[in-house]
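Written out below as structure tokens is the structure these notes cover.
The values are calculated or read from the model by the stated rules, or taken from the named source; none is laboratory data. A quick note: this is a predicted structure, and the numbers were derived from the prediction, not measured. Cβ placement follows ideal geometry from the backbone for every residue including glycine, while neighbour counts extend to all protein chains displayed.
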Amino acid sequence: MKNLFNLDGKVAIITGASSGLGADAARAFAENGASVALFARRAEKLEALANEIEAAGGKALTVPCDVTNEEAVEQGVQKVFDEFGKIDILLNNAGIAIPGGVEDLTAEAWDKGMDINVKGPFFMAKYVVPHMRKAKYGKIVNVASVNAVIADKVPVLWRHNYNASKAAVRGLTLGMAASYMQDNITVNAIGPGLFESEMTQDTLFKNPDFLKMYNMTSPASRPGKRGELNGTILYFASDASSYVTGQFVVVDGGTELV
């Protein structure tokens, strides 16, 4: 029986690949046969991950890049195409969670969150989609958040910019999905709940009161573990989801249900 999750011969771009969920996804893509192009700002971390992937028999290309810089994105995407001759998969994972409510956020902080979380996926898609349309094939996976659909009333956890920007990612996903399915390009989004990552380990995971409250209210009674997002990412990035587009799947242990 054909393995629908097999990525042999595919080329995948992963943004925010230097650590956390992005690095985990890059490993999962490589383990399933894809050549991976690693995008992030921290070149040393990208090189370490690329060396790890290649030592395990995979193929990796590092592309130090700020996804909010359009020229850098254009050049980075072209570098991937020049190296591999095609781009099959785009995982828009780079993101930032800026704390604060609308009363506290500065305009600069608001713009930073929107630039990384929304403008970044826009720039990446702008330069990747033309290659996919020519090939009549593409899989775009946008990492939004469960916070696109739920929020928190506890002031210390207010993240209004994050709520707005991740809801925008969901909206962008819908628009692109409707436009590009005729080119055999699927566009879907994932809404992770709380996972331990570089973005959360120094804030939420170091707050025992928050973790106790989270574990009490979450149906899973725990945050997500490393690798538990990979199955959903692989589903959307593989031919297993060939007739699925415009969807938003929350991966949060049921937190959005309560």
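Among the candidates Gly246, Gly231, Gly224, Gly175, which residue alone is among the small types (Gly, Ala, Ser) and at positive phi?
Sole residue among the options that is among the small types (Gly, Ala, Ser) and at positive phi: Gly246.
Which of the residues belonging to the stretch 138-153 are touching a residue at least 12 places away in the same chain (Cβ under 8 Å) and surrounded by fewer than 19 Cβ atoms within 10 Å (Cβ to Cβ)?
Of everything in the stretch 138-153, those that are touching a residue at least 12 places away in the same chain (Cβ under 8 Å) and surrounded by fewer than 19 Cβ atoms within 10 Å (Cβ to Cβ) turn out to be Val149, Ile150, Ala151.
Scan the stretch 1-46 residue by residue and report those that are polar (S, T, N, Q) and either closer than 25 Å to Ala97 by Cα or part of a helix (DSSP H, G or I) (or both).
Passing the criteria: Thr15, Ser18, Ser19.
Going by the structure shown, is Ala125 aliphatic (A, V, I, L, M), surrounded by fewer than 16 Cβ atoms within 10 Å (Cβ to Cβ) and outside any strand (DSSP E or B)?
Details: aliphatic (A, V, I, L, M): yes; surrounded by fewer than 16 Cβ atoms within 10 Å (Cβ to Cβ): no; outside any strand (DSSP E or B): yes.
When the stated conditions are applied, Ala125 does not pass them.
For the stretch 49-85, name all the residues that are over 17 Å from Thr15 (Cβ atoms) and assigned to a helix (DSSP H, G or I).
Asn51, Glu52, Glu54, Ala55, Asp82
The conditions are (1) touching a Ser or Thr at 6+ places or on another chain (Cβ under 6 Å); (2) closer than 23 Å to Ile116 by Cβ; (3) among the hydrophobic types (A, V, I, L, M, F, W, C), and Phe5 fails exactly one of them. Which is it?
Phe5 satisfies every listed condition except (2).
Report, by residue number, each residue of the stretch 26-65 that is under 15 Å from Val80 (Cα atoms) and of a type in the set (D, E, K, R).
Lys59
What helices (runs of 4 or more DSSP H) lie completely within the stretch 151-258 and have 3 or more residues being within 19 Å of the chain's Cα centre (by Cα)?
160-180, 198-201, 230-237
Within the stretch 244-254, can you find the residues that are in contact (Cβ under 8 Å) with a residue 40 or more places away in the chain and farther than 12 Å from Ser145 by Cα?
Answer for the stretch 244-254, where residues must be in contact (Cβ under 8 Å) with a residue 40 or more places away in the chain and farther than 12 Å from Ser145 by Cα: Val244, Thr245, Gly246, Gln247, Gly253.
Report yes if Ala178 is surrounded by fewer than 20 Cβ atoms within 10 Å (Cβ to Cβ), farther than 30 Å from Asp88 by Cβ, modelled with pLDDT of 90 or more and of a type in the set (A, V, I, L, M), otherwise no. Spell out the reasoning first.
Numbers: surrounded by fewer than 20 Cβ atoms within 10 Å (Cβ to Cβ): yes; farther than 30 Å from Asp88 by Cβ: no; modelled with pLDDT of 90 or more: yes; of a type in the set (A, V, I, L, M): yes.
Taking the combined requirement at face value, the residue does not satisfy it.
Identify, from the list Leu46, Leu7, Leu38, the residue that is modelled with pLDDT of 95 or more, crowded, with 24+ Cβ neighbours inside 10 Å and over 17 Å from the mean Cα position of the chain (by Cα). Talk me through it step by step, then tell me what you get.
On the way: Leu46 fails: over 17 Å from the mean Cα position of the chain (by Cα); Leu38 fails: over 17 Å from the mean Cα position of the chain (by Cα).
It is Leu7.
Residues of the stretch 88-115 being among the β-branched types (Val, Ile, Thr) and either under 17 Å from Thr173 (Cβ atoms) or surrounded by fewer than 18 Cβ atoms within 10 Å (Cβ to Cβ) (or both), which ones?
Correct list: Ile89, Ile96, Val102, Thr106.
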